[in-house]
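S.K.: Below are the structure tokens for one structure; questions will follow.
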Amino acid sequence: MSDPGAASTAPAATLPSALEEPTITVRRGYITAVVLANLGIMLAFYTPIQSLLPRLAEHVSPDGKETALAWITGAGAFASIIFNPLAGALSDRTTSRLGRRKPWVLYGALLGALGILALSIQSTVLGLAVVWGFCQATINGAYAGLTATIPDQVPVRQRGVVSGWVGLAQIVGIVLGVALVSFAITDLTPGLVLTAVLLVALVLPFVLRLRDIPLTPAERPPFELSAWLRGFWVSPRRYPDFAWAWITRFLMQLGNAMATLYLLFFLQDAVKYSEPEQGQTVLIALYAVGSLLTAVVAGRMSDRSGKRKVYVIVSTVVMALSAVILAFFPVFPAAMVAAFILGLGYGVYLAVDQALVTQVLPAAVDRGRDLGVINIANAAPQVLAPVIAAPIVTGSTGYTGLYLLTALVTLLSAVLVTRIRSVP
């Protein structure tokens, strides 16, 4: 594993070593540790969302499963909106001997695992919503610290390919988790236990092996509460490219959330697939294969060319196409094609858009906070998507209307990427 510290072009007296712009190439040890930690966190996020929470919602509210799931996932997404940027901002100021990020990753994962275990003893929608909110709060604390290590330690010339590997970990986390609880361990409680154990086990290599340069108390910026709270608002006027990156991420994730939230029920009620949980796993596997084919390759190509926006635009258009297929062809073979196409596009998007975002962050001292603000664009759609999707799915247009709206929202994201000026 390489030394992630790097010499900065700024004077040493004005920029602590923990805040220097990285220039030294990261090697396999760093990439492996970050990939495994992302794998564990994504597994903990999406195995419940895609499989376990729908089953729990149906168990506690069989006649109102769609609404119950909306409340549960909405509570979790609301917690994400609050705690991801909060944890990121606090990690920016953390002066632990372990470093700024590692304590948040470790303790967030441990508490999140306990929360996942607690889901198994809930018998009401309210109980599930509260506990899932706790899970999202703590796991997002871990994710905020983990995400910030990329601009902390990876030079710009490598961020596409590293983000590509991280994107693959995210996809594999979704597939692996859903496959394990759909085929290997199908009972709910053992599935929750397995999810919690894997979260902690996969985060440990990051905590044990990664060098996270500490920030000393003397190097920490002065704290003033009102100024610190105001810092969560990143002015679009002063930082327009950051604002456009946030908006485009929000729109793309809104489309993605609307499309995937009711995927299990889409297979069950619209496609009439006989084994919807296994069908969902097949679609996610095809989606993963598509992503595997494009994520690292696209990240590497983007690094070599120095271009980001064209890759983001093309990938977003491809994802919109998959939604159109689902809208007009609610049969399982078409869903398989759509899933594969979605994966092709999403693999490119995961790699290149994340690299783009790290290049529009306003200041090194606030990387964790600002990435947390960006991650609101990932979490807020989880709150908004059920509000938009539930009445459409239960209304006259049904899943056709839902997936057409998904395509339109996703295409709007592609259009607005062109407004980013500082990144080619």
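S.K.: Identify, from the list Gly40, Gly76, Gly88, the residue that is buried (at least 24 other Cβ atoms within 10 Å of the Cβ), under 27 Å from Thr394 (Cα atoms) and at pLDDT 90 or above.
M.R.: Gly76
S.K.: For Thr25, state whether it is surrounded by fewer than 21 Cβ atoms within 10 Å (Cβ to Cβ), in contact (Cβ under 8 Å) with a residue 24 or more places away in the chain and either assigned to a helix (DSSP H, G or I) or on the phi > 0 side of the Ramachandran plot (or both).
M.R.: Considered against the rule, which asks whether it is surrounded by fewer than 21 Cβ atoms within 10 Å (Cβ to Cβ), in contact (Cβ under 8 Å) with a residue 24 or more places away in the chain and either assigned to a helix (DSSP H, G or I) or on the phi > 0 side of the Ramachandran plot (or both), Thr25 comes out as no.
S.K.: Still on this structure, please answer the following. All but one of (1) under 19 Å from the mean Cα position of the chain (by Cα); (2) of a type outside the set (Gly, Ala, Ser); (3) outside any helix (DSSP H, G or I) hold for Glu219, so report the exception by its number.
M.R.: Unmet condition: (1).
S.K.: Check Met336, Met319, Met301 and return the single one that is surrounded by 24 or more Cβ atoms within 10 Å (Cβ to Cβ), in a helix (DSSP H, G or I) and among the hydrophobic types (A, V, I, L, M, F, W, C).
M.R.: After ruling out the rest, the residue left standing is Met319.
S.K.: Sticking with this structure for a sec: Determine which member of the set Val172, Val197 is modelled with pLDDT of 95 or more and not charged (D, E, K, R).
M.R.: Val197
S.K.: Only one of Leu98, Leu111 is at pLDDT below 95, hydrophobic (A, V, I, L, M, F, W, C) and surrounded by fewer than 20 Cβ atoms within 10 Å (Cβ to Cβ); which?
M.R.: Only one candidate qualifies: Leu98.
S.K.: Okay, moving on. Would you check which residues across the range 325-338 are of a type in the set (Val, Ile, Thr) and within 16 Å of Tyr287 (Cα to Cα) and list them?
M.R.: Kept after step one, since they are of a type in the set (Val, Ile, Thr), are these residues of the range 325-338: 325, 331, 337.
Those that are of a type in the set (Val, Ile, Thr) and within 16 Å of Tyr287 (Cα to Cα): Ile325, Val337.
S.K.: Same structure, new question: Out of Gly401, Gly368, Gly372, I need the residue that is farther than 20 Å from Val154 by Cα and assigned to a helix (DSSP H, G or I). Which one? Can you show your working first?
M.R.: Details: Gly368 fails: farther than 20 Å from Val154 by Cα; Gly372 fails: farther than 20 Å from Val154 by Cα.
Going through Gly401, Gly368, Gly372 in turn, the sole match is Gly401.
S.K.: Which one of these does Arg55 not meet: (1) surrounded by fewer than 22 Cβ atoms within 10 Å (Cβ to Cβ); (2) in contact with a Pro (Cβ under 8 Å, 6 or more places away or on another chain); (3) not acidic (Asp, Glu)?
M.R.: Condition not satisfied by Arg55: (2).
The values are calculated or read from the model by the stated rules, or taken from the named source; none is laboratory data. This one's a predicted model, so the numbers in the text were calculated from it and none came from an experiment. Neighbour counts run over all protein chains shown; Cβ positions are idealised from the backbone, glycine included.
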